[in-house]
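The values are calculated or read from the model by the stated rules, or taken from the named source; none is laboratory data. From a predicted model like this one, the values you see are computed outputs, not experimental measurements. In this analysis, Cβ positions are derived from the backbone assuming ideal geometry, glycine residues included, and neighbour counts consider all displayed protein chains. Ligands, DNA and RNA are excluded from the accessible area calculation, which covers all protein heavy atoms including side chains. Shrake-Rupley method; radii C 1.70, N 1.55, O 1.52, S 1.80 Å.
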Amino acid sequence: MIKLYIDNWEIHATEGISVLQAALDSEIYIPNLCWVREMTDPPASCRLCFVEIAGRPAPVTACTTIVENDMEVHTDTEAVRELQRTSLKLLLSAHHVDCGHCPANKKCELQNLARFLKVKLKPAEFPTYQPTGLIDTSHPHLDYNRDRCVLCGRCVNACRDKNGRPLFTFAGRGSETIVTPLFPPAGQALDKDASLVCVDLCPTGALTRKG
Amino acid sequence: MAQNNDRINQALQALREKAAGQWREFTGSTIPRIHIGMATCGLAAGAQETRDAFEAQLKKDNIQAVIHPIGCHGHCYAEPLVIIDHPASGLPPIMYQKVNEGKAVMLVKNFLKGNDPLLEHMYGAMEESDTIPAVMLFPRFNMEKRVIMDKCGRINPADINEYLALGGYAALGAALSLAPEAIVETVTASGLRGRGGAGFPTGRKWQFAAQQNAAEKVVVCNADEGDPGAYMDRTILESNPHQVIEGMIICARAIGAGRGVMYVRAEYPLAVKLVTRALEQARELNLLGQNILGSDFSFDIEVFQGSGAFVCGEETALIRSVEGYRGMPRHRPPFPVEHGLNGRPTVINNVKTLATIAPIIENGAEWFRSIGTEKSPGTAIFSIVGHVLYPGLVEIPMGETLRSLIFDICGGIPDKREFKAVQIGGPSGGCLPASFLDTPIDFDSLTAAGAMMGSGGMVVMNDETCMVNVARYFLDFTQKESCGKCTFCRIGTRHLLEILDRITKGQGKPEDLARLEWLAAAVKQGSLCGLGKTAPNPVITSLKYFRQEYEAHINDGVCPALMCRDLIAYYIDLDKCARGCDACVGCCPTEAIFTTANRKKGIDQEKCIKCGECRHVCIPLYNAVGKASPPGTVPMIEKPKVPVKDND
Ligand SMILES: Cc1cc2nc3c(=O)[nH]c(=O)nc-3n(C[C@H](O)[C@H](O)[C@H](O)COP(=O)(O)O)c2cc1C
Ligand code: SF4
Ligand code: SF4
Ligand code: SF4
Ligand code: FES
């Protein structure tokens, strides 16, 4: 067992786990989006889980920081919140905020994050997102709506970990990056339950069941 | 061990003697030798056509001569570059510049057949002599210090024996007789820092890898080279691949690796071809493969062709790409030296870093430290492009100032224009103004100035360059090349680009500058990998050093450098325009140029698309086409109601 301090609370954590997991297990919330429990190699891509650690010059991502004895973690500093807000604002600026028509309304993690970080769903700093209207319906069990995807990568990464191989992959580069279904070799059916694992993991309304 | 060392030395000695014999025969004969630079820069300037012309003319005139393809000398402005060594003439070898097909024919006819060396076309002699001034008299030659590129442009990169004959693989022989720890110690003592950008101490990297307790380790040579405008690594691989291979073998020996990967971008077909051939030749001579030179050490190298994504030069993305996945960086630690290719400890070094190893092993750490500065020993190679008289590759000792590099070595700014800024370090670097010209070139000074050594791309810009537009250009690049994984880089660079785009179009808002600064700082701090962490640098430095230029765009709708198309207009200066001249009329794609009542010219601003052609073609003597910003300030010229005929 490792003993560390998060926001001055003394926490005991299993060796080898991340600061993010230790905090969440002790009911200290650190904003996060791309991390999935039991994931082997966290992608650290959403850039929301910043914390400050005594002795380190700049905020670090909690999902990639392994707990150490007597570590002193602060989750609620000005620098941390500023980075988290900017990250969320950026995500929202590339997201079609249209909650009224979205199946994820009220259970959407973006709404929760925005509430927690006190960020408006349509941040004034950035121009309004222009929806592309791109919906990929090629998958037999689900649909993918690009305008709602925040590219957290959960569907790609967790699916790889849970199903042995990913049913999705990233495609494109830069701001044109999207997620796209990966089809199995001809003749092999796409497992419905495995596909729906991804739908359940999606923090937004980007992946929806067919029908 | 001693027995083994003798065997290694004997094996190497035999290879070197054979190579030396071949070289003596080649250089000792009286048959003329025509050395032609045939790396990509030479080929782009027409070296293949030049070579064909030489061959055809030699045949026609029935003259015996040997054509010797060599790599690049670094003098890209003078390509195609040819050196003619004609011993019977009694002259030293002579370098000729810009040898097109016509010049090739003339050289055969006049120099090889007749006895006139056509000195009016020469660059200079390759050796000191009483008869012909030597190239070494020019600063572009004598201010360089060649360690990495020492053999570039002297040997045929497709023949391992030429490298061996000039002392190649001697360092490998020496390294094989040393304990691996001793190799690491020498590299550490030399103070060598990685030439791939960040300047991490190479000895320390090797030591981490050597310490790892793993059955299999890997050495990777990073030749991804994705920065726009940078081509040093390509040139080295095309001119002298063996020096890089030798460095990889020595690294493998030092850390205990059995597998090597040469990661070359697929857009470098000539480099891929020459490296592949070099590896085959090294294998044939047992410089690679099982029990190298009879030692107990085995190592081989494969070539991996990257598909040309800038981000794949980042080491963790490079590893993913070799493993067969999409090239996306991952969080470090763990660093590749612990957990690299397929989980194995992996040393990744840049082409130039690896090419520096053999000279260090051969001449010692002390020698290396005597070059350059205390904290950045050795040489730096830059590919200098943009507004300088002699662009190309330059290898200089670290610590040289930017001024001496740009003005003394590269000849300064052409066309009587002023120096404005230099962009160092490619898309990750920064733009420095004239007040930084006396900054010494080394890792730490450049970083302190807000630029960075990067991999060695350098763009020199004159006063006709708009710095907002330059920042926009680099952001456009990084924005497209972002792997799309993390929030700040994927979306943040996009917004930065949009703001810059607006400013260059005259649609900037007063709050844009503060927003640029805020967002640039956030992207720098929040991004996952080096691409995102450095992408804002061009914006940050240009805002810092050229702020008034941004303000002019936003507040006054003026582009001070007269570059941003939406903020300028072209006009014809009637005091300068020559009556009856119509040089510009035909070039205009939109027929915007009309003839005035007194048979001078005017531009119909409604029709003009601001292509700038008329300014190009206006005869320099008149220089009558001008630009003005904002567009509304151009002098109005009355268009006659009835068209005036041009030539009456
Ligand atoms: C976006 C990005 C692109 C890079 N591209 C290259 C490259 O083309 N060549 C290179 O040697 N290093 C490149 N690097 C640096 C490598 O990650 C790595 O640090 C380097 O290869 C290590 O070699 P060195 O120690 O010899 O410098 C890049 C880094 C980043 C962040
Ligand atoms: S589809 Fe959903 S889970 Fe997948 S990357 Fe997009 S937002 Fe994340
Ligand atoms: S910083 Fe850019 S290139 Fe690097 S991981 Fe993030 S999105 Fe990819
Ligand atoms: S700038 Fe181009 S379009 Fe305009 S007048 Fe000159 S040639 Fe014609
Ligand atoms: S949860 Fe750590 S970066 Fe996404």
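Numbers below:
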quantity	calculated
Top-ranked residue in region B:295-311 [being within 17 Å of B:Ala174 (Cα to Cα) and either open to solvent by 20 Å² or more (accessible area, probe 1.4 Å) or polar (S, T, N, Q) (or both); ranked as modelled with the highest pLDDT]	B:Ser298
Residues of region A:128-160 that turn out to be within 17 Å of A:Val199 (Cβ to Cβ) and open to solvent by 60 Å² or more (accessible area, probe 1.4 Å), as a count	5
Cβ pairs under 7 Å, 6+ apart, first in region B:306-329 and away from chain A (no Cβ under 11 Å), second away from ligand 4 (no atom under 16 Å from the Cβ) and among the aromatic types (Phe, Trp, Tyr)	B:Gly306/B:Tyr263; B:Leu318/B:Tyr263; B:Val322/B:Tyr263; B:Val322/B:Phe304
Subset of region B:558-583 [within 21 Å of B:Glu418 (Cβ to Cβ) and either outside any loop (DSSP other than H, G, I, E, B) or within 16 Å of ligand 2 (Cβ to nearest atom) (or both)]	B:Leu567
Any hit, region A:92-104, residues being within 14 Å of chain B (Cβ to nearest Cβ), in contact with a Cys (Cβ under 8 Å, 6 or more places away or on another chain), within 16 Å of ligand 3 (Cβ to nearest atom) and not polar (S, T, N, Q)	no
Some residue of region B:85-100 being in contact (Cβ under 8 Å) with a residue 40 or more places away in the chain and at positive phi	yes
Residue tally, condition crowded, with 17+ Cβ neighbours inside 10 Å and free of Cβ contacts under 8 Å to residues at least 40 places away in the same chain, over region A:198-211	0
Where A:Ala79 falls short, out of the listed (1) among the small types (Gly, Ala, Ser); (2) open to solvent by 40 Å² or more (accessible area, probe 1.4 Å); (3) in a loop (DSSP other than H, G, I, E, B)	(3)
Answer residue from region B:468-497, given it is among the basic types (Lys, Arg) and open to solvent by 20 Å² or more (accessible area, probe 1.4 Å) and is farthest from the other protein chains (Cβ to nearest Cβ) among those	B:Arg472
Filter pass, B:Lys639 being of a type outside the set (Asp, Glu) and either closer than 19 Å to B:Val470 by Cα or crowded, with 17+ Cβ neighbours inside 10 Å (or both)	no
Sole residue being over 30 Å from A:Pro43 (Cβ atoms) and buried (at least 21 other Cβ atoms within 10 Å of the Cβ), chosen from B:Thr541, B:Thr590, B:Thr534, B:Thr596	B:Thr541
Filter pass, B:Val99 being open to solvent by less than 10 Å² (accessible area, probe 1.4 Å), at pLDDT 95 or above and part of a loop (DSSP other than H, G, I, E, B)	yes
Sole residue being within 17 Å of the chain's Cα centre (by Cα) and either more than 20 Å from A:Asn32 (Cα to Cα) or within 16 Å of ligand 1 (Cβ to nearest atom) (or both), chosen from A:Phe168, A:Phe126	A:Phe168
Leading residue by the ranking (nearest to ligand 3 (Cβ to nearest atom)) among those in region A:23-39 that are within 12 Å of A:Asp76 (Cα to Cα) and open to solvent by 20 Å² or more (accessible area, probe 1.4 Å)	A:Tyr29
Flag for A:Pro42 being away from ligand 2 (no atom under 16 Å from the Cβ), within 14 Å of chain B (Cβ to nearest Cβ) and either crowded, with 21+ Cβ neighbours inside 10 Å or more than 28 Å from A:Asp143 (Cβ to Cβ) (or both)	no
First in region A:50-64 and under 19 Å from A:Leu113 (Cβ atoms), second anywhere and small (Gly, Ala, Ser) and open to solvent by 30 Å² or more (accessible area, probe 1.4 Å), Cβ under 6 Å, 6 or more apart	A:Pro59/A:Ala79
From A:Pro185, A:Pro166, A:Pro131, residue being at pLDDT below 90 and either touching a Lys or Arg at 6+ places or on another chain (Cβ under 7 Å) or within 28 Å of B:Gln479 (Cβ to Cβ) (or both)	A:Pro166
Candidate set from region A:98-124 (those that are closer than 21 Å to B:Thr493 by Cα and open to solvent by less than 50 Å² (accessible area, probe 1.4 Å)); member that is modelled with the lowest pLDDT	A:Pro123
Some residue of region A:11-26 being within 16 Å of ligand 2 (Cβ to nearest atom) and in contact with a strand residue (DSSP E or B) (Cβ under 7 Å, 6 or more places away or on another chain)	no
Residue among B:Gly399, B:Gly392, B:Gly411 that is open to solvent by less than 10 Å² (accessible area, probe 1.4 Å), in contact (Cβ under 8 Å) with a residue 12 or more places away in the chain, away from ligand 1 (no atom under 16 Å from the Cβ) and under 28 Å from B:Gly71 (Cα atoms)	B:Gly392
Restricting region A:61-76 to residues that are more than 10 Å from chain B (Cβ to nearest Cβ) and open to solvent by 30 Å² or more (accessible area, probe 1.4 Å), the residue that is nearest to B:Gly340 (Cα to Cα)	A:Glu68
Extreme residue, farthest from the other protein chains (Cβ to nearest Cβ), among residues of region A:161-182 that are open to solvent by less than 20 Å² (accessible area, probe 1.4 Å) and of a type in the set (A, V, I, L, M)	A:Leu167
Among the candidates B:Lys607, B:Lys639, B:Lys600, B:Lys627, residue that is within 21 Å of B:Asp575 (Cβ to Cβ), in contact with an Asp or Glu (Cβ under 8 Å, 6 or more places away or on another chain) and not small (Gly, Ala, Ser)	B:Lys639
Where a residue in region B:124-142 is of a type in the set (A, V, I, L, M, F, W, C) and its partner, wherever it lies, is open to solvent by 80 Å² or more (accessible area, probe 1.4 Å), with Cβ under 8 Å and at least six apart	B:Ala125/B:Thr131; B:Ala134/B:Glu127; B:Ala134/B:Glu128; B:Met136/B:Glu128
Counted residues, region B:226-258 - those being charged (D, E, K, R), over 19 Å from B:Thr202 (Cα atoms) and open to solvent by 10 Å² or more (accessible area, probe 1.4 Å)	2
Number of positions in region A:32-76 that are of a type in the set (Lys, Arg) and modelled with pLDDT of 95 or more	2
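Residue by residue, here is whether (1) more than 10 Å from chain A (Cβ to nearest Cβ); (2) farther than 21 Å from B:Ser428 by Cβ holds:
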| residue | (1), (2) |
| --- | --- |
| B:Ile499 | no, no |
| B:Lys505 | yes, yes |
| B:Lys509 | yes, yes |
| B:Ala520 | yes, no |
| B:Gly526 | no, no |
| B:Lys533 | yes, no |
| B:Glu551 | yes, yes |
| B:Asn555 | yes, yes |
| B:Ala561 | yes, yes |
